[in-house]
Amino acid sequence: MSRQQASSHKPASYADWFDLAALAEEPSTASAMLRSLKQCLADGNRVVAARFDQGTPIYRLLAARSWLVDRVLQYCWAYFMASDADTPALVAVGGYGRSELMPGSDIDLMLLMPDTVTADINSKAEALLTFLWDIRLEVGHSVRTIADCIEQSLADITVVTNLMESRLLAGSRDLYSDMQAATAPDKLWNSREFFEAKLSEQHKRHHKYHDTGYNLEPNIKEGPGGLRDIQMITWVTKRHFGTASLEELVERGFLTQPEYQTLVEGRDLLWKTRFALHTLTGRTEDRLLFDYQRTLAEQAGYHNDGETLGVEAFMREYYRTIMKLSRLNEMLLQLFHEEILTPEGPGEPVVLNKRFQARNGYLEAVNAGIFSYNPMALLEMFLVLAQHPELKGVRADTIRAIRTHRDLIDDEFRNDLRARSLFMEIIRQPHGVTHELRRMNSYGVLAAYLPAFGRIVGLMQYDLFHTYTVDEHILRVVRNLRRFTVHEFATEFPLCSHVIGTIPKPELLYIAGLFHDIAKGRGGDHSALGKVDAREFCERHDLSEYDTNLVTWLVEQHLLMSSTAQQQDIDDPVVVNRFARTVNDTIRLDYLYLLTVADIRATNPAMWNNWKDALLKQLYYNTRRALQRGLQDPLQRSEQIQSVKAAALDLLGGGTYPAIWEQLEDEYFLRHIPAQIAAHTRLLEQHDRDSGSLVNVEADSERGGTEIFIYTRPQERLFSRITSVIEQLGLNVVDAGMVTMQDQNILETFHVLEADGQPVTGDLRMSEINATLKHAIDNDAEHDLHVSRRLPRTHKHFPIKTHIAFRQDLDDQRTIMELITADRPGLLSRVGRAFADCGIRLWNAKIATLGSRAEDFYYITDLNSKPLTEQKLECLDKSVRKYLEQEDS
């Protein structure tokens with residue numbers, strides 16, 4: 001059988017593949033038939049699976065499985081319907097109707113009934129359907145008359161779509177033919193209505209997947225560029241031309257032979273992946289979950305090498321395939337749009353310039369040879385589109401011409417002053433930059449013009465932190481940056497919207513966004529490697545030395561602000577001054593702040609929350625004040641403490657310092673803002689110490705989280721108990737600090753978020769947290785350390801080796817412990833137990849969970865407030881690892 005035959009569903013026999021002895025016998029009883037047919041189907045499935053492993057073309061496997069099921073159903077129909085076999089009709093619909101039966105797919109059937117049906121026929125049909133389930137056919141069925149088909153088709157386009165793909169398996173051919181005639185385009189859903197409805201359906205489906213197929217757990221069937229997009233093409237072809245043959249699109253001039261080959265090869269790769277996925281899971285499963293990606297990659301022959309994981313190479317091939325299919329889908333739908341919606345022709349051209357014109361709202365080249373004799377038009381087209389936002393897209397013939405001529409973008413092209421000027425002009429446009437960069441990526445022009453970008457197209461990062469492929473992430477960063485400039489979205493990130501309006505050259509920010517992750521996947525420090533690429537780009541595009549240095553600095557330091565805000569104490573003037581010295585001036589600060597916010601939000605939408613927003617704002621404001629004060633005159637800690645105390649005292653009504661402050665070390669005043677200090681002071685002064693511990697839960701509007709303030713007597717493993725209770729309550733700790741007062745009582749402050757990253761809300765919830773913590777603190781019990789929490793299924797696929805590193809903080813005479821490990825139940829509690837075992841005093845903790853990866857920083861000393869000795873470091877390293885390796889906390 002040829003590929004063309006398969007795509008047209010021309011009948012073929014697979015009798016030599018299967019043992020059909022059970023179908024040759026005259027059935028004696030239903031019971032005997034059940035055993036033999038179950039065996040026949042099981043043997044048939046094994047044959048098909050074996051041929052898949054042997055590399056038999058996938059289209060033959062799907063057709064063969066459909067062929068075998070056809071034979072079984074026809075055999076069962078004859079037995080159960082007996083004398084009534086020619087009255088109703090048994091019809092295959094859906095994927096089974098297309099003879100594309102996957103291992104886990106349902107057998108979609110319709111029992112087409114005449115208007116008048118006897119009770120005997122109904123009884124026989126029920127017995128047949130029951131029997132099909134008994135022989136383990138996963139049947140999805142409907143029972144309809146022709147009138148039902150008409151009524152339901154009018155109400156739901158998916159019904160008429162199924163009927164279009166139907167095949168008669170057994171029964172009345174006349175009845176089936178009448179149904180086809182009654183639901184034909186001249187009766188309902190003509191090709192224009194059908195196309196418009198299906199196009200709307202596709203737009204909604206794509207939007208469900210965030211308009212990208214580049215999700216890290218993509219849906220092979222439903223996602224953009226997936227099998228449903230190919231089916232969309234065949235449905236429109238069938239409705240308008242009366243054939244589902246993709247090959248006929250070549251004959252009608254809608255596809256070239258190479259395009260047809262690309263379409264079929266892409267479809268076959270998706271088919272093979274879906275077939276393997278169904279076989280692996282033993283069910284209908286169309287999501288390429290992390291649970292299966294490694295196994296599927298190995299089965300497909302992808303193995304780890306020195307630089308790339310096999311699973312990353314496998315997924316990259318998948319992503320690049322769906323990109324090609326998306327391009328073809330867009331082009332064909334545009335051609336269908338012209339053929340079906342504007343049969344009178346695309347309309348008169350509206351001249352845009354000497355090379356481009358518009359027809360019916362779509363851009364086109366003035367002639368087919370424009371790109372061959374003027375290759376610069378390959379970039380100019382995107383500039384024209386950005387300058388004409390009224391245009392709806394690009395005409396299909398022009399898309400095809402771009403794909404045909406994009407190999408003209410070579411080194412000579414890239415070095416041409418005209419090309420360099422065009423690209424920079426696109427980047428500098430006030431509107432449409434994101435749309436055109438995305439379009440350039442989709443058409444393969446961006447990868448051709450920026451070869452470094454081409455190396456990261458379809459590149460995934462196999463972790464739970466990065467939600468998108470690298471190229472998709474980069475384009476989302478640029479989109480986020482552009483969004484800051486749009487007035488309608490000014491309320492989303494008011495500070496970002498204000499700051500971006502003050503920077504002198506926004507295009508430098510967009511270039512930094514394009515290059516910040518462009519060196520991912522090469523090994524080594526991607527920031528340093530990306531800096532080299534960015535410098536080459538800037539120099540080639542004739543940017544000034546100042547602008548070049550700014551862009552390359554942003555690329556090299558794009559992680560600095562995020563790491564500083566989340567890993568260090570940004571209330572501490574020493575930390576702020578150190579960061580300010582690296583940033584050096586307010587212009588760099590503005591650019592870096594905008595890039596950081598856009599980057600975090602484009603990495604994983606679930607990771608952005610009010611807490612991170614507040615941290616970055618606070619670091620931005622603190623650094624801006626430090627830079628305005630002057631790096632030669634940095635704010636000293638003593639000045640900070642005096643300033644904070646004075647402001648807190650004003651909030652308390654003035655007068656002398658409260659007596660309670662004499663019990664507090666300078667560390668407390670460095671870590672808290674005046675409003676917190678004033679609130680804590682009131683709580684401590686009003687607290688009856690005979691009533692036990694003090695617990696206060698309150699929203700922290702300035703930090704975007706919820707503060708838990710605790711005052712208690714010194715206790716064994718206090719930090720472990722508190723953190724275990726907090727986790728049992730479903731809260732995540734993002735920041736923790738502990739102060740020992742001069743009377744040895746303990747002040748602890750925790751900033752927490754709910755599991756969804758939002759602050760705690762509601763009086764009842766806050767009361768629950770307060771009461772539970774107070775009970776745990778006042779009733780010291782070892783069993784309180786147990787934490788039971790189910791980790792997401794995805795975490796098990798990303799084993800993370802525990803990394804513990806120590807360094808001395810000379811400014812504070814403390815030791816910083818960096819812990820990178822897999823997130824697990826009771827992580828903070830386990831670390832706290834290690835601290836207790838080794839006699840460690842915790843001063844501050846910065847907690848971050850990135851997908852399945854915990855990255856925590858602990859600022860610690862010994863019990864005498866001295867940095868840890870080598871003996872202490874060894875004890876702590878061993879103890880932390882011991883508690884982390886325990887299966888249950």
Would you grab the residues whose amide H sits under 5 Å from the one on G140? Only those 5+ places off in sequence or on another chain, please, with H modelled 1.01 Å from N.
I107, D108, L109
Give the ranking of D148, D411, D16 by solvent-accessible surface, highest area first, calculated with a 1.4 Å probe.
D16, D411, D148
Sequence-distant or interchain residues sharing an amide H contact under 5 Å with V394, placed H: which?
L363
Express the relative contact order of region 45-155 as a whole percentage, based on alpha carbon pairs under 8 Å and six or more residues apart in sequence.
25
Rounded to the nearest whole number, the per residue volume of the convex hull around the C-alpha atoms of region 79-139 in Å³ is 84
Check: the chain dipole with +1 on Lys, Arg Cβ and -1 on Asp, Glu Cβ, in debye
1360
How large is the Kirkwood hydrodynamic radius of the chain, counting all unique pairs of alpha carbons, in Å?
32.0
Using alpha-carbon pairs under 8 Å, 6+ residues apart, how would you state the relative contact order of the chain in percent?
6
Given contacts defined as C-alpha pairs under 8 Å and at least six residues apart, what's the relative contact order of region 542-618, whole-number percent?
37
Computed ³J(HN,Hα) along region 616-626: with the Karplus parameters 6.51/-1.76/1.60, θ = phi - 60°, integer Hz and x for glycine or proline, the list is 5, 4, 4, 5, 4, 5, 4, 5, 4, 5, 5
Exposed GluC sites (Glu not before Pro) absent: longest stretch of the chain, with sites in DSSP loops and at most 15 other Cβ within 10 Å deemed exposed
493-664
If you take every residue apart from L450 with its C-beta less than 9 Å away from the C-beta of L450, what net charge results, scoring Lys and Arg +1 and Asp and Glu -1?
0
State the Cα centre-to-centre distance between region 77-109 and region 508-546 in whole Å.
59
A 24 angstrom limit on the alpha carbon distance is what I want to check against. Which of K617/K846; K801/K878; K617/K645; K38/K221; K238/K392; K520/K801 exceed it?
K38/K221; K238/K392
Karplus-derived HN-Hα couplings along region 145-154 (A = 6.51, B = -1.76, C = 1.60, θ = phi - 60°), whole Hz, x at Gly and Pro:
8, 4, 4, 4, 4, 5, 4, 6, 5, 5
Under 5 Å, built H, 5+ apart or other chain: amide partners of I456
none
Can you run phi through the Karplus equation (6.51, -1.76, 1.60; θ = phi - 60°) for region 588-593 and list ³J(HN,Hα) in whole Hz, with x for Gly and Pro?
4, 4, 4, 5, 5, 4
Would you mind counting up the charge near L694? Only other residues with Cβ under 10 Å from its Cβ, with Lys and Arg at +1 and Asp and Glu at -1.
+1
Neighbourhood charge, 10 Å Cβ-Cβ cut-off, centred on A297 and excluding it, Lys, Arg +1 and Asp, Glu -1
-2
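The values are calculated or read from the model by the stated rules, or taken from the named source; none is laboratory data. Values in this document were obtained by computation on a predicted structure and should not be read as measured data. Reconstructed Cβ throughout: ideal geometry from the backbone, glycine too, with neighbour counts over all protein chains shown. We work out accessible area using only protein heavy atoms, side chains counted, and drop any ligands, DNA or RNA first. Shrake-Rupley method; radii C 1.70, N 1.55, O 1.52, S 1.80 Å.
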